[in-house]
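This report concerns only the one structure given below.
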Amino acid sequence: MNKIKNIITTVQNYRYHDMHKNKALTILSEVEKTKGKLADSIKQQCDKYAIEKLGDIKYAPWLYVYSIIRGEFKEGWIPDNYYGKVVLPKCNGISGTPAQIKNITSKLFNSHLFPDLVCYSSGIFSIPLENRVLATDEIADYLFDGRDSVIFKVNSSNQGRGIFFYTKDNFSIADVMKKGSGIFQKIIKQHAVFDELFPKPGATMRLTTVLKPDGTTCLKAAYLRLGVGTDEYVRSATNIRVAIDIETGALSDKGYTTEWNEINEHPNTKKAFKGVILPNFAQARESVEELHSRYPYVQSIGWDVTINTDNNVEIMEWNAIHNSITFTEAVQGPSFTDLPWCDKSLLS
């Protein structure tokens, strides 16, 4: 039995790393069309670092991507597949699983910063922080009290999937039950600064916090995701990404498409990224650092955060399963050099 399990694990790991290799090399090929070929000398640095520091050549492809974006190789970078297969299993492990259960988030963190309205689980509708179960005839009235529509997110949903919009006219308890357990959230009216960049809802700051060995938490990386084209909310497959200065909340002069093409302005609104300071960023940073300290069982959390029209912080979700650091490592990293993550000794 153990032999069979080992074979299955070996096959799964091969597929995982092969998928990452193909993805990274595809991105490299696309970026090289505009930036030119990655120098052999830099590739050799990546290969050496992957083998000697991280323990295997299979971690080199993402280092190629980071290097072509930055024009040089940097010590301390963490490839995405190394992060997923080495760092997170060691530093988050099974304790990251609750992040997939969206209808327990408010209760877990005991916080009103999440826009959660009603939890649904196994036929029961309840108000998260009140421990109150709603009767069938109360549900719609509670959800649409002063609201035209709400959003429902199914547990384990990610990357824009498993998200549904309801109005009072199309709301159906039977339909919700078919979709499975999840959370109803209010639709956030985002700050005017985000509207100027792209006037559809869902502009999201992805903030990555870490729990350091001394027990303190801190923000390590940040970027803004914006919708594009006809998207009604931010989708992982089509979004625009712009790095955020974690000290000032200022956007980088350059943004990137999902094909990693550099842009200086949003393609739809033509709003330039240069000079944009995100509203109330300091409070957003303080909020996620404080919330992470309430859950000191994982070392890395990705938070999806926005600022509403009242200049208040709203935290849409958190991710401790695989909160990708690929983009921020490429454009503003290495971000984790003070942590014992980028060393093959972590494997032992």
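The table below lists the values:
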| item | result |
| --- | --- |
| Förster radius 25 Å - calculated FRET efficiency between R294 and D145, Cβ distance, rounded to 0.05 | 0.30 |
| Amide H within-cut-off set for Q299, under 5 Å, with H built and near neighbours excluded | N92 |
| Gain upon complete extension [E72, T248; 0.36 nm per residue less C-alpha separation] | 60.8 nm |
| 10 Å Cβ shell holding at most 13 others, DSSP loop, GluC sites (Glu not before Pro): longest site-free stretch of the chain | 131-231 |
| Å² of accessible area per residue within region 116-186, as computed with a 1.4 Å probe and no ligands counted | 52 |
| Expected-Rg normalisation [2.2 N^0.38 Å, Cα atoms] applied to region 1-88 | 1.19 |
| In order through region 36-41: 3J(HN,Hα) via Karplus (6.51 cos²θ - 1.76 cosθ + 1.60), integer Hz, x for Gly, Pro | x, 4, 5, 4, 4, 5 |
| Convex hull of Cα atoms in the chain, direction-averaged projection (nm²) | 19.3 |
| Sequence-distant residues sharing a close amide H with A221 (under 5 Å, placed H) | T208 |
| Formal net charge of residues neighbouring N110 (Cβ-Cβ distance under 14 Å; K, R +1; D, E -1) | -1 |
| Computed accessible area, S122, all protein chains, 1.4 angstrom probe, square angstrom | 100 |
| Cα-centred dipole magnitude for region 1-70, charges only on beta-carbon of K, R (+1) and D, E (-1), debye, nearest 20 | 160 |
| Placed amide H near L278: partners under 5 Å, 5+ positions off or other chain | A250, L251 |
| Potential lengthening between K274 and N261 on full extension [0.36 nm per residue; Cα-Cα distance subtracted] | 3.0 nm |
| Per DSSP, loop trypsin sites (Lys or Arg not before Pro) in region 211-315 with at most 13 further Cβ within 10 Å | K270, K274, R294 |
| Value of relative contact order over the chain, rounded to a whole percent, pairs C-alpha under 8 Å and six or more apart | 19 |
| Region 113-119 - phi-based ³J(HN,Hα) in whole Hz, Karplus 6.51/-1.76/1.60, Gly and Pro as x | 6, 8, x, 6, 10, 9, 8 |
| Accessible-area composition of the chain, carbon plus sulfur, in percent [1.4 Å probe] | 49 |
| The chain: calculated mean residue ellipticity at 222 nm from DSSP helix runs of at least 4, using -39500 (n - 2.57) | -8500 deg cm²/dmol |
| Convex hull per residue volume in Å³, alpha carbons only, for region 115-220 | 160 |
| Isotropic mean projected area of the C-alpha convex hull, region 190-344 (nm²) | 9.1 |
| For region 1-75, accessible area per residue (1.4 Å probe, heavy atoms of protein chains only), Å² | 63 |
| ³J(HN,Hα), Karplus 6.51/-1.76/1.60, whole Hz, each residue of region 76-91, x for Gly, Pro | x, 5, 10, x, 4, 6, 5, 4, x, 9, 10, 5, 5, x, 7, 9 |
| Cα→Cβ-extended label distance, 7 Å offset, between Q12 and Q44, nm | 3.9 |
| Length added when fully stretched, N2-A192, from 0.36 nm per residue minus Cα-Cα | 62.7 nm |
| Degrees, to the nearest 10: 281-293 long Cα axis against longest axis of the chain | 90 |
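The values are calculated or read from the model by the stated rules, or taken from the named source; none is laboratory data. Just so you know, these numbers come straight off a predicted model, no measurement behind them. As a convention, Cβ positions derive from the backbone with ideal geometry for all residues, glycine included, and neighbour counts pool all protein chains shown. What goes into the accessible areas is simple: the full protein's heavy atoms, side chains included, and nothing from ligands, DNA or RNA. Shrake-Rupley method; radii C 1.70, N 1.55, O 1.52, S 1.80 Å.
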